[in-house]
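Student: Take a look at the following structure, please.
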Amino acid sequence: MKWRRMDDHGSDYCYLFPDPGETDRHVVAAVAAASFNSAWPEGYGWEQWDPTVEVGVHDVRDVLPEAFGRRRFREKDEVLGMDFVGGRRCTTRIYREARGEQRGRLKLSSGEYEAARGDVERLLRAACDLLDRRRRQRPRPTGA
């Protein structure tokens with residue numbers, strides 16, 4: 001996954017670009033998992049927090065039903081909306097760009113993330129690490 005930061009009319013966004021062999025679903029799952037894994041509880045979230053739970057790209061929908069539920073991956077508007085999940089303050093939102101030359105691309109609301117959580121670059125590097133881990137776990141075909 002690659003990303004590019006842009007200022008879009010006063011709002012800070014990161015456009016996300018899947019690498020070959022990755023899909024938008026993989027990228028969204030990796031960002032969601034990285035956000036959840038790095039988030040800390042706030043307020044009453046300490047009562048729900050389980051520090052032993054770590055999410056990967058392959059199990060993010062099962063472990064984080066609050067963020068995904070069982071709804072289909074939407075083509076427009078907000079693709080991922082995470083605020084407080086499992087007691088952790090995630091504050092991560094990904095949208096599908098509806099206009100301009102980036103139309104159809106995924107965009108992470110980096111300004112909102114940084115205001116609540118800090119450096120968005122660290123989040124995106126962690127998501128890339130999760131995607132690399134997923135790629136290494138994929139069974140390779142054996143030649144005869």
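Student: Is there a residue in the range 111-130 that is surrounded by 11 or more Cβ atoms within 10 Å (Cβ to Cβ), more than 11 Å from the chain's Cα centre (by Cα), modelled with pLDDT of 85 or more and over 20 Å from L16 (Cβ atoms)?
Tutor: no
Student: Could you please give the count of residues in the range 25-47 that are in a helix (DSSP H, G or I) and crowded, with 23+ Cβ neighbours inside 10 Å? Show your work before the answer.
Tutor: So in the range 25-47, the residues in a helix (DSSP H, G or I) come out as 25-38, 45-47.
Of the ones still in play, those that are also crowded, with 23+ Cβ neighbours inside 10 Å are 27-35.
Total satisfying the criteria: 9.
Student: Next question, about the same structure. Every residue in the range 1-55 that is over 17 Å from E114 (Cβ atoms) and of a type in the set (V, I, T), please. Steps first, please.
Tutor: From the range 1-55, those over 17 Å from E114 (Cβ atoms) are 1-2, 9, 17-30, 32-33, 36-37, 41, 43-55; that's our starting set.
T23, V27, V28, T52, V53, V55 - these are the residues of the range 1-55 that are over 17 Å from E114 (Cβ atoms) and of a type in the set (V, I, T).
Student: With (1) surrounded by 15 or more Cβ atoms within 10 Å (Cβ to Cβ); (2) in a helix (DSSP H, G or I) as the list, and E22 as the residue in question, which single condition is left unmet?
Tutor: That leaves (2) as the condition not met.
The values are calculated or read from the model by the stated rules, or taken from the named source; none is laboratory data. Because the structure is predicted, anything quoted here is derived from the model rather than measured. For neighbour counting, all protein chains shown are included, and Cβ atoms are generated from backbone atoms with ideal geometry for every residue, glycine included.
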